[in-house]
Structures are given as structure tokens and as C-alpha cells.
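What follows is a short report on a single structure.
Values quoted throughout were computed directly from the atomic coordinates according to the rules given, and no laboratory measurement underlies them. As the structure is a computational prediction, the values presented were derived from the model and not from experiment. No Cβ is skipped: glycine too gets one built from the backbone with ideal geometry, and neighbour counts run over all protein chains shown.
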Amino acid sequence: MTVGIDKIGFFTSNYYLDMTDLANARGEDPNKYLIGIGQQQQAVIPPTQDVVTMAANAAEKILTESDKHDIDMVIFGTETGIDNSKSAAIYVQSLLGISSRARSFEIKQACYGGTAGVQMAADHIAMHPESKVLVLAADIARYGIGTPGEVTQGGGAIAMLLSANPSILALDNQSTFHSENIMDFWRPFYKREAIVDGHYSTNIYIDFFNQTFKDYCQKYHRNLNDFAAIAYHLPFTKMGLKALRTVITEDAHSQQLLKEFDASKRYNALVGNLYTGSLYLSLLSLLANSTDLKAGDRIGLFSYGSGAQGEFYSGTISDGMHADKMADEFESVIADRVRLSVSEYEKMYADGLPTTGGDVTFDSANDPSRFIVLGRQADQLVYKDQKG
Ligand code: COA
């Protein structure tokens, strides 16, 4: 029996900002954003979407009624939680009509939460092969108007169904991890924006990649040639490229890994940072856009969550993986996105639930998504299924 990712769903909002427009507004050369940082567009999240609705929108497209019945665990990785106590997972479970005979909870370690969920899900299924686990990874990346981090914002959700004998990626059950108390990126309770030292964070990310990759190769007697591709956590696409460059050479296999990296970054360059979901959007991009990968190929995955936790693990592409299906999953979400001007984006960025409390109702006329946030009444978030 193998265990791994059986289905992947993706969602982001229907608004985006073009990075050339942003560069012009901030007095930067567009090539700094497009080439130097490697971002082309970024999702802009309206107040009618939060991590609950984005995750529900991502999951509803992949789950059948039978999946909803079989799921016995819902794990939500996020660093954009919507309540200090109650988990976002419970809301999604309820919105989607997933069996109430399930464990449902949220986990946090910056951008690492999705991977913690995947590993916990895999362990659970190994013990209980009939189980299916829904792992959700959703976030809204905010650094602030006019900050250096602004070009690396974004948002969206990944939903993954893990099961025995998966159709997409069978995990090898081989991983190595590294954690240290580091202040490269964090978000105090009172702030909607992260505090980040981006250059320091990039260096730590590269160090953690090198450490976990070296440990993995030693522990499992593997080397670079054993990987047909490596997918990275991509807060901005240049970050993964910098890490990959530290382990490749001039040989043909290294050039192939660079080619696969190009496939793996394509979607992230159009959506921006998803924090917990970024590695898995990159995996989706790799599987959808690679022209060479085939069933049986081993993929390495590097996960990083500031603060900081790193993990390198691997999986093998399953027979049932269809690149066209992966591409459709993404294209259908971003096909009709509306391009915002910089001033429209700045206005939307300032909108949202007042941090001081109070009732609020959002204008939802322009949000065509199935699940939306209507607002807040008597300190309770109000969600709506627009199909229901
Ligand atoms: N054409 C092409 N490239 C250009 C350029 C131009 N005109 N101008 C600058 N560049 C390149 C720089 O050489 C640099 O490339 P390098 O990193 O390969 O050396 C890159 O663009 C970025 O320039 P830099 O001056 O370093 O940008 P910055 O100081 O504005 O900061 C980040 C960039 C990424 C550090 C910043 O956006 C940030 O902090 N983002 C948040 C990162 C994050 O989320 N970290 C935590 C999560 S893990």
C-alpha cells in the first residue's frame, strides 16, 4: 500500500495586480519585480474572502459525496487564522458537509503548516488505510503598501485529499527536518501585516534547505540524480531558484532540474505568496507544466516556515496523475480574473473586518465565488454558500 496525495484543488480571488503596474507606481524598474524577484502578478483578496472561504472554494471542486463521507480528519494549516480559539477547519467541514465523525483542527508554524498537515495525514492513513484526510493550506500574504515585501504579497488556498493508493503523488515516508528559534518573519497579534527581514529570511531558507537536503541524502543514501525535480516553498519564485542553485552543477541533470524548476514556478509567479499553500501550488505547477515528468519519477519537496522550520521530503508520481487535469484545475480559477489598478488595489487592501470589533456587512455583489464572507454579526463571522 502507498499513501499520499490523491487530489489537489486550488483557489484564489478573482482580482489581481500586475507587477509592472506596481513597479511603475513605486518608482522601480519593472525588471526588478519580473526578473530580479520573479513575480508577474499577485492575487488581491477582497474582504468577502478569508482563509475559510478560500479553502472551502478550493476543496469543493475536488471532493465527491463519497469523499465527504470517508474523510475522518480535516487539518487546516494557516498563519492567517480567523479566530484566536476556534479553528478554520470546523467552519470548512460545516460549509462542505463533511462527515461530523472527523477530527477537525488548525495547526500553525508560519508557511510550514501545510506540510505538517500532510505528514500528520500520511501517518494517520498508514495506521488506518480506509481513512481519507483533507489537508487545507490557505493564507493571505500582507507586508504593507510601499514596503519592500509588497511585491511578494498574494493569497489563496490549496486543498489536498490524502488517501491510500493515491492518484497523484505517493509519499516515500522519508523526510528530514530542522528547526531553530529565528526572528526572520513573524506577525504580532495586533498587526495584519507581517514583520520580515527578507534578506535574512532568504539566507536562513537556503541554509535550512542545504541542511535538510544533506541530511536526507545521507540518511537515505540518495543524491541529486535521484530526483527528477525539486519543488520548493516559493514566497517569491527567485527564492527557490537561489536554493536550487546551491546544489546544482553544469551537468545535464542539473540543467534538467532548472527546466523543471521553470515549470514549478509558473503558477506562483501569477498568484504570489500563499504562505502555507505555496509549496503545493508549486507542486501543482510542476505537474501541470512539466513536459518530461512521468509516473515513477521521484520529486523532492522543500518546505520552509519562518521562525523557523524546514523539511525536505520526497514522493513518487503515481500512474493516475494527469498533467492536463492539473492544468485545468489552475486555469479554471484564474481565467476570468479582473486586473485592478494600483489605486483600486490599495483601496481593497485597506478594506476588511475592523480589528476593533462591531457588526459589518460587506458588499458581495462582485464576488462570484461559491463561498463568501458576508460580514460579522454579534462577534460571529457570517459565511454564505451562494449556491445553497
Ligand atoms: N533588473 C533585474 N533584476 C534586478 C533589477 C533590475 N532592474 N533591480 C534589482 N534586481 C534584482 C537584485 O539584483 C536582486 O536579485 P538577487 O536577489 O538575485 O541579488 C533582486 O532583484 C531583489 O532586489 P533587492 O534589492 O534585494 O530587493 P529588495 O531589497 O527590495 O527586497 C525581498 C526583496 C524579496 C527581500 C523583499 O521583497 C522581501 O522582504 N520580501 C518578503 C520575503 C519573505 O516573504 N520572506 C519570508 C517568507 S519565507
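Could you work out the relative contact order of the chain, using alpha carbon pairs under 8 angstrom and six or more residues apart, expressed as a whole percent?
Relative contact order of the chain: 24 percent.
What is the Rg over Rh value, at two decimals, for region 169-321, using alpha-carbon atoms and the Kirkwood definition of Rh? Intermediate values should be presented prior to the final figure.
Numbers: Rg = 15.2 Å, Rh = 15.8 Å.
Rounded to two decimals, Rg/Rh equals 0.97.
Please work out, to two decimal places, the log10 of the ratio I(q)/I(0) at q = 0.11 Å⁻¹ from a Debye calculation in which every Cα of region 36-169 carries one identical scatterer.
Listed by q, the Debye log ratios stand at -0.41.
Considering lysine pairs in region 165-308 that are 8 or more places apart or on different chains, how many have Cα atoms under 25 Å apart?
11
At 0.36 nm per residue, minus the direct Cα-Cα distance, what do Gln255 and Glu331 gain on full extension? Give it in nm, one decimal, please.
24.6 nm
Taking only DSSP H segments of four or more residues, each worth -39500 (n - 2.57), what value at 222 nm results for the chain once the sum is divided by all its residues, to the nearest 500 deg cm²/dmol?
Using -39500 (n - 2.57) per qualifying helix, the result is -10500 deg cm²/dmol.
Give me the distance in nm between label points sitting 7 Å out from Cα along the Cα-to-Cβ direction at Asp226 and Asp123, one decimal.
Inter-label distance under the simple model: 2.2 nm.
Between Ser341 and Tyr190, what FRET efficiency comes out of the Förster formula 1/(1 + (r/R0)^6) with R0 = 41 Å and r the beta carbon distance, rounded to 0.05?
0.85
Can you give the Rg to Rh ratio for the chain, taking only C-alpha atoms and Rh from Kirkwood?
0.94
If contacts are Cα pairs under 8 angstrom and at least 6 residues apart, what is the relative contact order of region 169-321 in percent?
Relative contact order comes out at 38 percent.
How large is ³J(HN,Hα), in whole Hz, for each residue of region 183-193 in order, when computed from phi with the Karplus curve 6.51 cos²θ - 1.76 cosθ + 1.60 and θ = phi - 60°, using x for Gly and Pro?
9, 9, 6, 7, 9, x, 3, 7, 10, 8, 10
For Phe105 and Leu34, what does the FRET efficiency come to when R0 = 41 Å and r is the distance between their Cβ atoms, rounded to the nearest 0.05? Don't skip to the end; give the middle numbers.
Numbers: r = 40 Å, r/R0 = 0.97.
Efficiency, rounded to the nearest 0.05: 0.55.
Using the Karplus curve 6.51 cos²θ - 1.76 cosθ + 1.60 with θ = phi - 60°, what ³J(HN,Hα) values do you get for each residue of region 258-263, in whole Hz, with x for Gly and Pro?
5, 5, 5, 4, 4, 5
Most fluctuating residue of Gln255, Gln153, Gln309 in a GNM of the chain with Cα springs under 10 Å: which is it?
Highest fluctuation among the options: Gln255.
What lysines could a cross-link reach from Lys61, if we take a straight Cα to Cα line under 21 Å and drop same-chain neighbours fewer than 8 places away?
Lys7, Lys132, Lys325, Lys384, Lys387
Using a basic spin-label model with each label point 7 Å from the Cα along Cα→Cβ, how many nm lie between Lys86 and Arg26?
3.6 nm
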